[in-house]
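Readers should treat all values here as calculations from the given coordinates under stated rules, not as data from a laboratory. From a predicted model like this one, the values you see are computed outputs, not experimental measurements. Counting neighbours? That spans all protein chains shown, and the Cβs are built from the backbone with ideal geometry, glycine included.
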Amino acid sequence: MDNPQERLAFDKGWIVGIIEGEGCFAICKKRTRFYPQLCIGNTNGEIMDRLKRIFYKLSIPYWVAKNYQTKGNKSFQRIIIGGPKRLRRFFIIFPIELFEGKYTEAKILEEYVDLRLSKNNNAPHGDEEWLLYYELKDMER
């Protein structure tokens with residue numbers, strides 16, 4: 001593909017497909033703190049490298065969890081986009097309407113992100129955040 005816009009549209013569609021198959025929209029809880037995140041895990045290093053390149057090109061901040069070894073001795077990596085500000089950037093570039101199988105999870109996480117960004121950084125989590133946390137957690141089962 002020589003046209004950069006076509007390439008970008010293709011890359012975004014490819015990422016949506018990877019997230020639909022290998023991704024997880026989550027709100028993790030540690031004690032009384034919540035950590036909203038999108039995790040993508042895979043044993044294929046080429047897929048993970050391509051994800052990193054595209055996220056870098058789109059200026060979407062992420063971090064890579066250390067390599068893990070699976071039972072079959074394969075290297076497993078996780079790319080994590082975590083925190084309300086980073087996820088807000090992600091949802092601007094990848095609107096939730098792009099997701100089909102994970103639409104509901106993405107919608108709940110986006111609601112949580114918008115809610116947290118509307119509050120002071122250190123504001124305690126209210127009933128709305130707890131409801132979104134449990135709603136998303138129940139979907140994991």
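Could you tell me which of rounded, prolate or oblate describes segment 1-93, using a ≥ b ≥ c as the square roots of the eigenvalues of the alpha-carbon gyration tensor, with rounded for a/c under 1.5 and, failing that, prolate when a/b is larger than b/c and oblate otherwise?
oblate
For a label point 7 Å from the Cα of residue 30 along Cα→C-beta, name the residues of segment 79-103 whose backbone N is under 20 Å from it.
79-88
If I model a spin label as a point 7 Å beyond the Cα along the Cα-Cβ vector, how far apart are those points for residue 115 and residue 134 in nm?
1.1
Using a Förster distance of 25 Å, how high is the FRET efficiency between residue 20 and residue 43, based on the Cβ-Cβ distance and rounded to 0.05?
Efficiency computed from Cβ-Cβ geometry: 0.90.
Using Cα atoms only, what is the angle between the long axis of helix 103-117 and the major principal axis of the chain, expressed in degrees (0 to 90) to the nearest 10?
So the helix axis and the longest Cα principal axis differ by about 60 degrees.
Multiplying the sequence separation of residue 52 and residue 127 by 0.36 nm and subtracting their Cα-Cα distance, what value in nm do you get?
Computed gain between residue 52 and residue 127 is 23.5 nm.
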